[in-house]
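Here's the structure we're looking at; comments come further down.
The values are calculated or read from the model by the stated rules, or taken from the named source; none is laboratory data. Predicted model, so just to flag it, every value in this text is computed and none were measured. Using ideal geometry, Cβ is built from the backbone for each residue, glycine included, and neighbour counts are taken over all protein chains shown.
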C-alpha cells in the first residue's frame, strides 16, 4: 500500500444556511466580503453569525483520524488558505492516493473538460488523477455538503474515485503529508481562532504555514470609511 496525502478542508466542519454567495478565491473574498455581508445582514435585522455553525466532530476529529491513519511525529503539516496547494504536496511527496475531508470534491466542476483548465482550487484533485500523480482519490464528504457523487459522473467513470464515510476507511494507512486548508472564502473569519486550535490539536509539530494569515474580525471598531470600502468589496 502506497503513502497518502491526508487533505482536510476547514469547510468540512462548517454548516452554512447561506447558499447564494460567490466564493471565488481572492484577497477580498477572504475577509472584506465577510464584513460586507455582515453590514448587509445587519440592515435586515439579522446577525451573520446566526447563519453559520461548527460541526461538533471538530472536537474529536484527530482522535478518530489516528484510529485509521499512521501519522508519524515527523510528518510535515502544511497550512494554507487555498486548497490548490494539495496538488503540489501530493506530487512532491510521491503520494499514490489522497484522502480528502471536504464539503467539495474539487474534482473539477464541468466534467472532464474542466481538467484542461489551469490548476485551481476547484480541480486540483481531478488534475492529480489526470496527470497520473496519484492512483486513487478517496473523498469523505462533509455532512453539510450540497454535492452528490453523481455530479462528477464523467470523472468518476474515467478515474479511480471512491466516496466513503469516515467509518469505512481501512486502518493502517500511512500518511506522507498532511494539508489543512482554511478556505477563507468559504469559512467565516470569526472561526479562525478555532481553526488554529484545530491545527494545534493535531499534536503534530512539523508545521509550515504557506500564504496564510489569521484574519481579524472586529465589528465594533470599524470607521465609516472602512465600512464604505467593505461595502464596495
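Below is a table of values for the structure above.
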{"read-out": "Meets criteria (over 16 Å from the mean Cα position of the chain (by Cα) and either touching a residue at least 12 places away in the same chain (Cβ under 8 Å) or not in a loop (DSSP other than H, G, I, E, B) (or both)) for residue 15", "value": "no"}
{"read-out": "Pick from region 185-216, criterion in contact (Cβ under 8 Å) with a residue 24 or more places away in the chain, out of contact with any helix residue (DSSP H, G or I) (no Cβ under 8 Å at 6 or more places or on another chain) and assigned to a helix (DSSP H, G or I), ranking: nearest to residue 65 (Cα to Cα)", "value": "199"}
{"read-out": "Subset of region 92-135 [touching a strand residue (DSSP E or B) at 6+ places or on another chain (Cβ under 6 Å), surrounded by 20 or more Cβ atoms within 10 Å (Cβ to Cβ) and farther than 13 Å from residue 155 by Cα]", "value": "95, 97, 98, 99, 100, 101, 102, 134"}
{"read-out": "Matching residues, region 25-61, being at pLDDT 95 or above, more than 16 Å from residue 187 (Cα to Cα) and surrounded by 15 or more Cβ atoms within 10 Å (Cβ to Cβ)", "value": "61"}
{"read-out": "Any hit, region 48-60, residues being assigned to a helix (DSSP H, G or I) and under 15 Å from the mean Cα position of the chain (by Cα)", "value": "yes"}
{"read-out": "Residues satisfying the stated conditions in region 143-153, i.e. assigned to a helix (DSSP H, G or I) and crowded, with 17+ Cβ neighbours inside 10 Å", "value": "152"}
{"read-out": "Region 81-91, subset in contact (Cβ under 8 Å) with a residue 12 or more places away in the chain and part of a helix (DSSP H, G or I), residue surrounded by the most Cβ atoms within 10 Å (Cβ to Cβ)", "value": "86"}
{"read-out": "Residue that is outside any loop (DSSP other than H, G, I, E, B), over 16 Å from the mean Cα position of the chain (by Cα) and under 23 Å from residue 71 (Cα atoms), where the choices are 175, 98, 133, 140", "value": "175"}
{"read-out": "Some residue of region 145-163 being touching a residue at least 12 places away in the same chain (Cβ under 8 Å) and within 13 Å of the chain's Cα centre (by Cα)", "value": "yes"}
{"read-out": "Yes/no for residue 64 being under 22 Å from residue 197 (Cα atoms), exposed (fewer than 15 other Cβ atoms within 10 Å of the Cβ) and in contact with a helix residue (DSSP H, G or I) (Cβ under 9 Å, 6 or more places away or on another chain)", "value": "yes"}
{"read-out": "Meets criteria (under 28 Å from residue 199 (Cβ atoms) and free of Cβ contacts under 8 Å to residues at least 24 places away in the same chain) for residue 97", "value": "no"}
{"read-out": "Residues satisfying the stated conditions in region 1-17, i.e. at pLDDT 80 or above and surrounded by fewer than 14 Cβ atoms within 10 Å (Cβ to Cβ)", "value": "17"}
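Residue-by-condition table, conditions (1) at pLDDT 95 or above; (2) surrounded by 15 or more Cβ atoms within 10 Å (Cβ to Cβ); (3) touching a strand residue (DSSP E or B) at 6+ places or on another chain (Cβ under 6 Å):
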| position | (1), (2), (3) |
| --- | --- |
| 157 | yes, no, no |
| 161 | yes, yes, yes |
| 169 | yes, yes, no |
| 182 | yes, yes, no |
| 195 | yes, yes, no |
| 207 | yes, no, yes |
| 217 | no, yes, no |
